[in-house]
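These notes are about the structure you will find just below.
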Amino acid sequence: MQPEAKELAAQVDSILKRYQRDPGMLVAILQDVQAEQNYLPREALERVGEGLGVPLSQVYSVATFFKALSLKPRGRHLINVCLGTACHVRGAVKVLEAIERELAIKSGETTEDLAFTLETVNCVGACALGPVVIVDKDYHGQMNSEKVKGVLKNYS
């Protein structure tokens, strides 16, 4: 086993132990694995399945059901652009396009340096602040194309 694989196995085993290998805690276990790895590598999913005595197909089913979980490496910073009705009518699409141009990626992609992952959401429940961009857990309201560079600069 390569050093990276050993380290991953040790991390997963530690998380499984923390949850007492309870299959009912599968979602929480996957969240913790993702917090450590920034995504869910196949090897980790296999280890979780083995450690819980759960079929790999069930682990994958849960990992792909929740949008918060990712099978692809994510950036250190997650950007969510709200495209709900209130944000949309206030120019959210233009904000999204400005972010895509600035980062040279499209929605659903991650920058090559793994600094940012860009996603869209249907509504964040902050309609009065629209358009809203969330970077990690920071809400940026009343966004426009001109503000994009300044916001992204704070996370570089």
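A few points about this structure:
- Screening K72 on (1) more than 22 Å from V33 (Cβ to Cβ); (2) touching a strand residue (DSSP E or B) at 6+ places or on another chain (Cβ under 8 Å); (3) not polar (S, T, N, Q) shows it passes everything except condition (1).
- Top-ranked residue in the stretch 130-143 [being open to solvent by 80 Å² or more (accessible area, probe 1.4 Å) and modelled with pLDDT of 95 or more; ranked as farthest from S156 (Cα to Cα)]: Q142
- Within the stretch 63-100, tally of residues that are outside any loop (DSSP other than H, G, I, E, B) and either open to solvent by less than 40 Å² (accessible area, probe 1.4 Å) or within 28 Å of A28 (Cβ to Cβ) (or both): 17
- The stretch 4-33, residues that are open to solvent by 70 Å² or more (accessible area, probe 1.4 Å), under 18 Å from L71 (Cβ atoms) and at pLDDT 95 or above: Q31
- The residues of the stretch 34-49 that are in a helix (DSSP H, G or I), closer than 14 Å to A5 by Cβ and either modelled with pLDDT of 95 or more or open to solvent by less than 10 Å² (accessible area, probe 1.4 Å) (or both), listed by number, are R42, E43, A44, L45, E46, R47.
- Those residues of the stretch 101-110 which are in contact with a strand residue (DSSP E or B) (Cβ under 8 Å, 6 or more places away or on another chain) and either of a type outside the set (A, V, I, L, M) or open to solvent by 80 Å² or more (accessible area, probe 1.4 Å) (or both), in sequence order: K106, S107, G108, E109, T110
- Verdict on L118 being out of contact with any Asp or Glu (no Cβ under 8 Å at 6 or more places or on another chain) and either within 28 Å of A5 (Cα to Cα) or not in a loop (DSSP other than H, G, I, E, B) (or both): no
The values are calculated or read from the model by the stated rules, or taken from the named source; none is laboratory data. Since the model is a prediction, treat every value here as computed from it, not as a measurement. Counting neighbours? That spans all protein chains shown, and the Cβs are built from the backbone with ideal geometry, glycine included. For accessibility, only protein heavy atoms count, side chains too; no ligands or nucleic acids. Shrake-Rupley method; radii C 1.70, N 1.55, O 1.52, S 1.80 Å.
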